[in-house]
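The values are calculated or read from the model by the stated rules, or taken from the named source; none is laboratory data. Note that the structure is a prediction, hence the values are computed from the model and not measured. When we count neighbours, we look across all protein chains shown, and the Cβ atoms used for this are built from the backbone with ideal geometry, even at glycine.
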Amino acid sequence: MTLAPMATLRALIWDVDGTLAESERDGHLPAFNEAFRRTGLNWQWDDAMYGELLAVTGGVDRMRSYAKRFDPQSLTHPDFEDVLRDTHRIKNRLYGMRVNEGRVGLRPGVQALIEEAARAGVRQAIATTTSRANVHALLDATLGERWPTLFEALVCGEDVDAKKPDPSVFHLTLDRLDLQADDCLAIEDSPNGLAAASAAGLRCLITESEYFRGADFTGSIRVVGDLDTDKNKGAGDRITLARLREWFADSRPPREVALPARNREIRPGA
């Protein structure tokens, strides 16, 4: 009997918000609330509400979904879409300010794994549906001027027509790396991210973020906490490249994955 060759991990594909940093909690949420105040929207999102709204990817889509549920009267305003876009621009500017002030840092273990992979010659990319400006702000503040040397591809929300859970951002990343899905491991924190990676044929590691602890991550190769603490083994047990290679080789890529639906609306009780 001929044994199938073991899969070789050639590249890591990183998500950003919630994966590289707790940027949703520490950056985007307070920036949204301040932007609402500045544009005159009588909205205020708390942690629980924001956690629900994260089922919708993309800031403008997220605000529109909130309005449909909690402020339907606002939808009748003739300038509603302009207000959303203006609010989102202000939010992104405020987010960048928070990052530059050091209020948003990389999650524990992230930098160590990025640098270990770089030393080992494992290629790395970023696949996110957040904006390029937000990604640059975070990486400039946390990894400094050398971060472009660490990532061979940077695919952002402006580069694709559909956001996660649609797999377009991963398809484009694979094209830019000139690799097959079976060569790469996606690192994500959310069900939408896992669905997008799986639909692209990628194995996916979940590092649980603040808003998605306890979510259903069926189909991932492993669910861990921060990358410096494998929650399955105890504090201080860092997720190393050697461990990722072992998990990758022992897992199978997803097969026959249906294309997930576009962003779903948040409904009462969801």
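A few remarks follow.
- Residue match in the stretch 91-101 (condition: part of a helix (DSSP H, G or I), surrounded by 21 or more Cβ atoms within 10 Å (Cβ to Cβ) and of a type in the set (Phe, Trp, Tyr)): yes
- Residues (touching a Gly at 6+ places or on another chain (Cβ under 9 Å), without any contact (Cβ under 8 Å) to a residue 60 or more places away in the chain and not hydrophobic (A, V, I, L, M, F, W, C)) located in the stretch 99-135: SER131, ARG132
- Residues of the stretch 78-90 classified as touching a His at 6+ places or on another chain (Cβ under 8 Å) and either in the same structural domain as ARG132 (by TED's automatic domain parsing) or loosely packed, with under 13 Cβ neighbours inside 10 Å (or both), total: 0
- Test: residue in the stretch 39-56 that is surrounded by fewer than 16 Cβ atoms within 10 Å (Cβ to Cβ) and either assigned by TED's automatic domain parsing to the domain that holds LEU138 or at positive phi (or both): yes
- Considering the stretch 129-160, and only residues there that are within 20 Å of ARG89 (Cβ to Cβ) and among the charged types (D, E, K, R), the residue that is surrounded by the fewest Cβ atoms within 10 Å (Cβ to Cβ) turns out to be GLU158.
- Of the listed requirements (1) on the phi > 0 side of the Ramachandran plot; (2) free of Cβ contacts under 8 Å to residues at least 60 places away in the same chain, ASP82 misses just one: (1).
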